[in-house]
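Colleague: Here it is, the structure in full.
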Amino acid sequence: MTITQKIPLWLDCDPGHDDMIAILLSAFHPNINLVGLSSVFGNSTLPNTTFNLLSLITGLNKLEIPVYQGNEFPLNYPAKKPSTAPGIHGDNGLGGHRLPRPINKAQSIDQFYQDLAAKLELYDGELSIAAVGPLTNIADFFRKYPDCKSLVKYISIMGGGIGIYNFKGHGEFNIWNDPTAANFLFQDPILRHKVLLSPLNVTHTLILNTTIQHLIYNKDQYEDDPFRRFLSDLMIFFAESYKKNQEFPDGPPIHDPIAVYVLLVKYGILGDSQWKESNLELHVDEQINGEKEGEISVGLESGPNDPSVIFGVDVQLFWDQVLEVIRLADVHLKDSGAKIDYD
Ligand SMILES: [Ca+2]
């Protein structure tokens, strides 16, 4: 792929503050063609994450991107109960600022699967999926549409940790919430080598410190910019939650956009960026209420057909992409003259 081409991308998410940055990167990066957005339960309930997704699309004036409502519960529900993250993202999943009232409505899960299958066929081996919430929708889709497995290029996932945890002892939030879905994608003979997993090991290097917060919004430069103030209020809320509940004094890790960033590297858009990855045989502990529920273990016989786990990226290049899409979103909103009520 040459850099004049665009990556056809489907983003599955549970917004979510860091999901919002993944949405910005997907919707505004000049080398990405975002063909669909789907919601899943996770950071909050499915009605809340779907509302937040529709609200963000309204706030960004990107109403042409179709939004679909996915699954409300993990694959193994009701035995496996999901868990939300109000201590990090607020009760509605996206705390810190009133959200714009959504204009569009979400389409059904049946439509989601039909349209994703149609897009995979249309782009004939070039479309990738980025999944930045629990993996329920994506695993469920490929279970129901097995012929589509050969058509997806990459499944880029933010989730898990190799010896690092952030949820209930031995878990990472996304993987813990649907370990059955994760195991399906990590172990499926056709899909597993298409999986790119960005775990906490790499996302904990992507800290939204005060310098970056200042570049996103500062009063001197952006006093009359309601979009940047909106973004900043949400990010400050996220930073305060992380400081209080996860002991990140310098700023919160911005996990989710990594799954999109990784694709920019893999498709050759960002040239020879610094990069560390390993192919690892992955297994998630599915024992409900077990001591190691949600923990990822690495098999002894890892080989080239196993998922690629990303361990290191060029942090500056990552933030350059994020700051640039925020600038482009800002220009888009001003140029379109959209009257969006952020206050
Ligand atoms: Ca997420």
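Colleague: Do you know which residues across the stretch 82-106 are free of Cβ contacts under 8 Å to residues at least 60 places away in the same chain and under 29 Å from G294 (Cα atoms)?
Modeller: First pass over the stretch 82-106, keeping only residues free of Cβ contacts under 8 Å to residues at least 60 places away in the same chain: 84, 86, 91-92, 99, 102-105.
Scanning the stretch 82-106 gives T84, P86, D91, N92.
Colleague: For the stretch 242-253, give me the residue count where each residue is over 25 Å from I57 (Cβ atoms) and either within 13 Å of the ligand (Cβ to nearest atom) or assigned to a helix (DSSP H, G or I) (or both).
Modeller: As a first pass, look at the stretch 242-253 and keep what is over 25 Å from I57 (Cβ atoms): 242-251.
Next, only the ones that are either within 13 Å of the ligand (Cβ to nearest atom) or assigned to a helix (DSSP H, G or I) (or both) stay: 242-246.
Residues flagged as over 25 Å from I57 (Cβ atoms) and either within 13 Å of the ligand (Cβ to nearest atom) or assigned to a helix (DSSP H, G or I) (or both) within the stretch 242-253 amount to 5.
Colleague: Here is a follow-up. What residue, among those in the stretch 254-275 that are within 11 Å of the ligand (Cβ to nearest atom) and in a loop (DSSP other than H, G, I, E, B), is surrounded by the most Cβ atoms within 10 Å (Cβ to Cβ)?
Modeller: Here the answer is D256.
Colleague: Kindly establish whether K119 is away from the ligand (no atom under 16 Å from the Cβ), farther than 14 Å from F41 by Cα and outside any loop (DSSP other than H, G, I, E, B). Give the derivation first.
Modeller: Values: away from the ligand (no atom under 16 Å from the Cβ): yes; farther than 14 Å from F41 by Cα: yes; outside any loop (DSSP other than H, G, I, E, B): yes.
Here the answer is yes, as K119 does meet what is asked.
Colleague: Follow-up question, since we're still on this one. Checking the conditions here, which among L54, L34, L11, L24 is under 26 Å from N177 (Cβ atoms) and within 13 Å of the ligand (Cβ to nearest atom)? Spell out how you get there, then give the answer.
Modeller: Values: L54 fails: within 13 Å of the ligand (Cβ to nearest atom); L34 fails: within 13 Å of the ligand (Cβ to nearest atom); L24 fails: within 13 Å of the ligand (Cβ to nearest atom).
Result of the check over L54, L34, L11, L24: L11.
Colleague: Let me ask something additional. Restricting to the stretch 243-253, count the residues that are buried (at least 22 other Cβ atoms within 10 Å of the Cβ) and modelled with pLDDT under 95. Full working, then the answer.
Modeller: Residues of the stretch 243-253 buried (at least 22 other Cβ atoms within 10 Å of the Cβ): 252.
Those left that are additionally modelled with pLDDT under 95: none.
Residues that pass the stated criteria total 0.
Colleague: Do we find that N76 is assigned to a loop (DSSP other than H, G, I, E, B) and buried (at least 19 other Cβ atoms within 10 Å of the Cβ) in this structure? Break it down into steps so the answer makes sense when it comes.
Modeller: Working: assigned to a loop (DSSP other than H, G, I, E, B): yes; buried (at least 19 other Cβ atoms within 10 Å of the Cβ): no.
The answer is no for N76.
Colleague: Please pick out the residue among I138, I129, I157 that is under 20 Å from P257 (Cα atoms), within 16 Å of the ligand (Cβ to nearest atom), in contact (Cβ under 8 Å) with a residue 12 or more places away in the chain and assigned to a helix (DSSP H, G or I).
Modeller: Details: I129 fails: assigned to a helix (DSSP H, G or I); I157 fails: assigned to a helix (DSSP H, G or I).
So the residue among I138, I129, I157 that is under 20 Å from P257 (Cα atoms), within 16 Å of the ligand (Cβ to nearest atom), in contact (Cβ under 8 Å) with a residue 12 or more places away in the chain and assigned to a helix (DSSP H, G or I) is I138.
Colleague: Could I ask something else about it? Go through the residues of the stretch 41-61 one by one and say whether even a single one is within 20 Å of V260 (Cα to Cα) and over 16 Å from the mean Cα position of the chain (by Cα).
Modeller: Among the residues of the stretch 41-61, at least one is within 20 Å of V260 (Cα to Cα) and over 16 Å from the mean Cα position of the chain (by Cα), which makes the answer yes.
Colleague: Still on this structure, I have one more. Hey, among A338, A329, which residue is buried (at least 20 other Cβ atoms within 10 Å of the Cβ) and either assigned to a helix (DSSP H, G or I) or modelled with pLDDT under 95 (or both)?
Modeller: Details: A338 fails: buried (at least 20 other Cβ atoms within 10 Å of the Cβ).
Unique residue meeting the criteria: A329.
Colleague: Mind counting the residues in the stretch 165-177 that are within 13 Å of the ligand (Cβ to nearest atom) and over 15 Å from the mean Cα position of the chain (by Cα)?
Modeller: Restricting attention to the stretch 165-177, the residues satisfying the condition of being within 13 Å of the ligand (Cβ to nearest atom) are 166-167, 172-177.
Pick out the ones that are also over 15 Å from the mean Cα position of the chain (by Cα) and you get 166-167, 176.
Within the stretch 165-177, residues that are within 13 Å of the ligand (Cβ to nearest atom) and over 15 Å from the mean Cα position of the chain (by Cα) number 3.
Colleague: Can you say whether A239 is farther than 16 Å from I326 by Cα, within 15 Å of the ligand (Cβ to nearest atom) and part of a helix (DSSP H, G or I), as far as the supplied structure shows? Please lay out each step first, then the result.
Modeller: Numbers: farther than 16 Å from I326 by Cα: yes; within 15 Å of the ligand (Cβ to nearest atom): no; part of a helix (DSSP H, G or I): yes.
It is false that A239 is farther than 16 Å from I326 by Cα, within 15 Å of the ligand (Cβ to nearest atom) and part of a helix (DSSP H, G or I).
The values are calculated or read from the model by the stated rules, or taken from the named source; none is laboratory data. Because the structure is a prediction, the values reported are computed rather than measured. A quick note on method: Cβ atoms are made from the backbone with ideal geometry, for glycine too, and the neighbour counts reach across all protein chains shown.
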